[in-house]
Amino acid sequence: MTDIASSSFVRHDLVGERPAPVKTTGLIGWVRTRLFNSPTNILLTILGALLLWFTIVPSVKFLMVDAVWSGNDRTACLTENAGFAVGACWPYIQAKLPQLIYGFYPEAERWRVNLTFILSAVLLVPLLVPRLPAKGLSAGLFFFAFPVVAFFLLRGGGIAGFGLSWTAGLLQLFDESIIGAGQVLLNLSKTSAIAPLLWVIGSLIVLIGTAIHWLIFPLTWLRDLIQASGQSVWADFAITAVVVSLIAFILGGGLRTGWRALASSIVTFIAMAIVIKLMGLDHGGLPIVTTNLWGGLLVTLVVSVTGIVTSLPIGIALALGRRSTIPLIRIFSIAFIEFWRGVPLITVLFFATYMLPLFLPGNFTVDGLVRALIGIALFTGAYQAENVRGGLAAIPRGQGEAAAALGLSWWKTTSLVVLPQALRHVIPNLVNSFISLFKDTSLVSIVALFDLLGSLRASFSDPKWSTPSTAFTGFAFAGIIYFIFCFGMSRYSLFVEHRLNAHRRN
Amino acid sequence: MSTEARKPPAQIALKIRRILGGKTGWNGVAVQFAFAAVLGWIAYEIVSNTRANLENQHIAAGFGFLRNNAGFDVNQTLISYTGSDTFLRVFVVGLLNTLVVSVVGIFFATVIGFVIALCRLSPNWLLSRIGELYVEVIRNLPLLFQILFWYLAVLAALPNPRQSISLLGIAFVSNRGLVIPRPIGEGGFEAFLAVLAFGIVAALALRFYSRRALFQRGQVIRIWPYVLGLLFGLPLVTMALFGLPFSFEVPQLKGFNFAGGSRIIPEFVALTLALSTYTAAFIAEIVRAGILSVHKGQMEAGSSLGLSRGTTLRLIVVPQAMRVIVPPLTNQYLNLTKNSSLAVAIGYPDLVSVFAGTSLSQTGQAIEIIAMTMGVYLLISLLTSAIMSVYGWRVSRSLGA
């Protein structure tokens with residue numbers, strides 16, 4: 001005991017307090033660790049603060065503090081009249097707002113544009129909010145019904161016939177083209193060295209054409225009969241409804257399971273009838289507003305929504321074609337995709353504007369807006385194809401094999417098992433493509449269409465509003481609109497991505 | 001009793017089926033025939049319609065127009081060009097202008113992109129927020145919008161040449177563009193060039209030798225003092241011996257414009273600014289993702305081996321990040337090249353602007369001109385993707401080894 005007692009050390013006084021460690025929590029600690037933890041960082045923080053000071057402060061000053069808020073023409077926005085260095089000239093935007101949104105759309109008809117905007121917003125909400133039910137129905141409404149309704153709302157005009165007349169007309173065109181090709185071959189055979197071969201092929205093609213002509217004769221005869229009657233649209237509509245419903249009934253499984261298909265077909269046709277009646281399509285519809293009067297945000301939205309709606313089916317078809325086991329289809333899809341992805345959009349628009357009219361029959365003129373839309377659809381379709389292909393590659397092979405083992409056909413396997421999973425995988429990528437599409441719509445202003453940017457540029461040349469700050473004000477306004485749309489879409493894509501990866505989070 | 005092995009059934013039909021129809025068999029063959037027929041029909045329609053339309057418009061198809069006189073001027077040419085040159089020359093001039101703006105844009109986009117990426121990765125909160133703000137704003141505005149903004153708003157707001165902003169008294173910025181001093185070769189130019197070339201070759205040889213020594217004998221040779229001497233010391237000595245290699249012709253304000261120096265047109269400035277800042281936002285995201293993709297353990301393993309932070313970054317982190325960065329980075333370079341075609345909106349004389357724009361409206365040869373223009377871009381992108389697949393193949397091989 002004594003040993004231990006003598007050798008042990010017993011402290012009699014308390015150790016002095018050590019200084020508190022450097023604070024790393026709270027605001028002060030955060031500032032210290034994230035902003036001022038080393039000489040380099042202090043320097044960088046000061047540099048960053050200076051950078052912000054010299055960009056944010058002048059912008060805010062320009063947009064809000066020094067801005068002119070009311071006035072009738074450029075004199076209100078001149079420094080000598082306002083008495084201070086003038087920033088943004090907002091009365092200019094107020095004066096040009098109709099032009100920036102509607103272009104030259106007639107003032108009396110602008111309610112149609114507003115109605116279309118409202119309609120698209122209403123139809124888009126159930127599609128975008130994941131919690132709402134009936135995704136199939138809302139997708140059908142937005143991707144099929146809305147474009148048609150929007151077309152008749154924005155452009156106006158009515159219809160002269162319905163499904164039957166259109167089918168008959170298309171088949172007739174096709175038939176005439178086939179017979180024409182045969183005739184050309186027959187003519188060639190008179191001079192060519194391989195005359196017999198050409199003659200045989202040519203006669204064969206003419207024969208096929210003639211056979212088709214007689215095959216579709218009942219259809220054309222019926223069409224002529226309907227057109228001669230007074231109520232051509234409604235008679236045609238009724239016949240189409242009956243035929244399509246019957247086909248749906250039979251394909252849906254006949255007496256056993258076909259009732260559901262029949263019911264949905266009838267409901268669809270009733271809805272169509274209501275729309276036709278409401279918009280008066282059967283007798284002329286709304287007054288026609290030609291597309292060269294369209295402009296501003298309207299054109300931007302029309303081009304981007306059409307691009308979105310048309311590029312997705314093209315993309316899916318090309319992606320499936322690229323994964324097909326049939327060589328010719330695969331090669332064609334690869335060539336098609338790589339071609340459109342390899343060229344800049346502006347050359348595609350030039351192609352659509354200058355070359356496409358040459359490819360079509362001479363009596364067949366295509367509207368300038370439609371030409372640009374075709375170019376954009378092909379271009380975006382190729383990009384979407386690569387997105388969809390990524391999704392298809394992410395689906396395990398076992399899914400398709402299991403479906404095949406259950407006896408599903410290729411079409412059913414693809415449309416019921418593989419595609420729904422693949423598309424869900426790539427929603428963020430698809431939305432990102434939509435963002436670039438939305439940004440790219442500004443390019444149509446180069447081929448003489450007045451979208452938001454084109455209208456803005458046109459409004460700069462108005463001498464009534466030419467002031468030193470006009471250009472900056474206009475760009476600020478258009479920039480805010482573009483930013484809201486693109487930023488909104490990118491946030492939505494992040495949200496969906498987050499939701500899709502919910503099972504991976506821990 | 002022995003039974004002879006039965007002969008395998010004749011496989012000719014199977015083989016034909018396999019060749020023609022792929023895995024799908026005769027169904028596939030039928031589908032292909034139908035598909036080929038439809039394609040043939042569409043092709044026939046296009047050809048016959050085009051022929052009829054061209055006849056109606058009295059346009060002669062063919063590339064003969066390339067030898068005709070262009071008869072218009074181009075305001076930026078890298079090779080000598082006058083209005084009396086041919087359309088083929090216009091094509092080359094436009095192509096060179098496209099390549100110049102792409103190369104300059106790629107250079108600046110890479111520099112800005114890496115700086116922004118480093119900002120976003122910085123532990124400094126303010127800096128990373130600034131990087132994020134830059135990326136979000138730039139990425140969510142259309143490129144054409146930005147080009148027009150720089151051209152119509154910012155550059156147009158600059159003062160006229162008389163009140164131009166002087167940069168250190170040698171370069172001048174005005175609404176007529178940027179005027180910079182022009183180098184003029186002097187007496188010592190050839191000797192200077194020869195010595196510089198020798199220095200570069202010698203420095204490369206030295207580096208090759210030192211790496212060989214490191215890998216084969218484990219011998220570390222410090223070469224940077226010699227390299228510095230070769231690249232800077234030798235040329236300086238030559239300059240002292242033979243006199244200055246070139247002098248600069250400083251632009252002077254005479255009357256309403258500048259005399260001397262070389263002028264960079266405002267279209268080029270606006271296009272380069274917009275293209276490089278726009279692409280930089282995308283490059284920044286790619287670089288950030290690439291660096292984040294390298295596992296933290298790699299850095300820790302490097303430092304536990306006793307490597308310094310710089311060496312770890314240079315030898316361990318960056319090579320692994322580059323593997324992730326390079327393919328999308330090339331894609332961005334390609335995008336920048338394709339986006340340079342937006343020059344047509346502000347009148348910078350690139351390929352699309354002078355060839356698919358002016359030449360097309362003068363000759364009306366839509367098919368030939370647009371096909372040539374598209375062909376150039378297609379060729380560039382196919383070449384790039386070919387190079388990238390070789391790169392991918394090499395990377396995967398080195399990973400496998």
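Where a number appears in this text, it was derived from the coordinates with a stated rule and is not lab data. Keep in mind that what you see is a predicted model, and the values were worked out from it rather than measured. Heads up, the Cβs are rebuilt from the backbone with ideal geometry, glycines too, and the neighbour counts pull from every protein chain shown.
What is the Rg over Rh value, at two decimals, for chain A, using alpha-carbon atoms and the Kirkwood definition of Rh?
On the Cα set of chain A, Rg over Rh gives 1.13.
Dividing the Cα convex hull volume of the range A:303-440 by residue count, how many Å³ per residue is that?
Each residue corresponds to 119 Å³ of Cα convex hull volume.
If we count every other residue with Cβ under 15 angstrom of A:Ala49's Cβ, Lys/Arg +1 and Asp/Glu -1, where does the sum land?
+2
Between A:Gly295 and residues 5 or more places away or on another chain, which pairs have amide H atoms under 5 Å apart, with H built 1.01 Å from N, and which residues are they?
Sorted by chain and number, the residues that satisfy this are A:Gly103, A:Phe104, A:Tyr105.
Step through the residues of the range A:93-103 one at a time and calculate ³J(HN,Hα) from phi using the Karplus curve (6.51 cos²θ - 1.76 cosθ + 1.60, θ = phi - 60°), rounding each to whole Hz and writing x for Gly and Pro.
Going residue by residue, I get 5, 4, 5, 9, 4, x, 5, 6, 9, 10, x Hz, with x marking Gly and Pro.
Using alpha carbon centroids, what distance separates the range B:258-295 and the range B:20-76, in Å?
38
Which whole number of Å³ per residue matches the convex hull of the alpha-carbon atoms in the range A:163-283?
135
Given N residues in the range A:158-222, what is Rg(Cα) / (2.2 N^0.38 Å)?
My calculation over the Cα atoms of the range A:158-222 gives 1.41.
With the Cα gyration tensor of the range A:106-155 in hand, convert its eigenvalues to equivalent ellipsoid semi-axes via √(5λ) and list them largest first in whole Å.
For the range A:106-155, the ellipsoid semi-axes come out as 25, 12, 5 Å.
Using the 2.2 N^0.38 Å rule of thumb for compact globular proteins, work out how the range B:253-372 stacks up: its C-alpha Rg over that value, please.
It is 1.67.
Have a look at the range A:53-127 and give its Rg and Dmax from the Cα atoms, expressed in angstrom.
17.9, 53
Please report, in whole Å, how far the alpha carbons of the range A:224-352 spread along each principal axis, starting with the longest.
Taking the Cα atoms of the range A:224-352, the three principal extents are 51, 48, 29 Å.
Using the Cβ atoms and a cut-off under 13 Å, what net charge is assigned to the surroundings of A:Phe269, where Lys and Arg are +1 and Asp and Glu are -1?
After counting each charged neighbour, the total is 0.
Which Cys residues of the protein assembly as shown have no other Cys beta carbon under 4.7 Å away?
A:Cys486, B:Cys119
Would you compute, for the Cα atoms of the range A:281-371, the largest minus smallest coordinate along each principal axis and list the three values in descending order, in whole Å?
Dimensions of the range A:281-371 along the principal axes of its Cα atoms: 50, 29, 28 Å.
With viscosity set to 1.002 mPa s at 20 °C, what whole-number translational diffusion coefficient in µm²/s follows for the range B:77-236 from Stokes-Einstein and a Kirkwood radius over Cα pairs?
99
Take the Cα gyration tensor of the protein assembly as shown, multiply each eigenvalue by 5, square-root it, and list the three semi-axes largest first, rounded to whole angstrom.
55, 40, 36
Need one number: convex hull volume per residue for the range A:373-482, Cα atoms only, in Å³.
Expressed per residue, the convex hull around the Cα atoms of the range A:373-482 is 107 Å³.
Between the range B:138-214 and the range A:298-365, what's the alpha-carbon centroid distance in Å?
Their Cα centres are 40 Å away from one another.
Give me the one-decimal Kirkwood hydrodynamic radius in Å for chain B, with the sum taken over alpha-carbon pairs.
27.2
To the nearest 20 debye, what is the magnitude of the charge dipole of chain B about its Cα centre, counting +1 on the Cβ of each Lys and Arg and -1 on the Cβ of each Asp and Glu?
Its charge dipole is roughly 1660 debye.
For the range B:204-286, what percent of Cα pairs sit more than 18 Å apart?
Cα-Cα pairs in the range B:204-286 separated by more than 18 Å: 73 percent.
Where Rh is the Kirkwood radius over the Cα pairs of the range A:19-61, the temperature 20 °C and the viscosity 1.002 mPa s, what D in µm²/s does Stokes-Einstein return?
181
Any idea how far apart A:His213 and A:Val267 come out in nm if each label point goes 7 Å out from Cα toward Cβ?
Output for this residue pair reads 4.5 nm.
Over the alpha carbons of the range B:14-57, what is the largest minus smallest coordinate on each principal axis, giving the biggest first in Å?
Sorted largest first, the three principal extents are 52, 13, 9 Å.
For the protein assembly as shown, with only Lys/Arg (+1) and Asp/Glu (-1) charged at the beta-carbon, what is the dipole magnitude about the Cα centre, in debye rounded to 20?
2860
Once the range B:105-197 is represented by equal point scatterers at the alpha-carbon sites, with solvent omitted, what log10 I(q)/I(0) does the Debye formula produce at q = 0.20, 0.21, 0.25 Å⁻¹?
Computed log10 I(q)/I(0) values: -1.03, -1.06, -1.15.
Sum up the charges of everything whose Cβ sits under 11 Å from the Cβ of A:Val233, counting Lys and Arg as +1 and Asp and Glu as -1, but leave A:Val233 out.
Computed value for this residue: -1.
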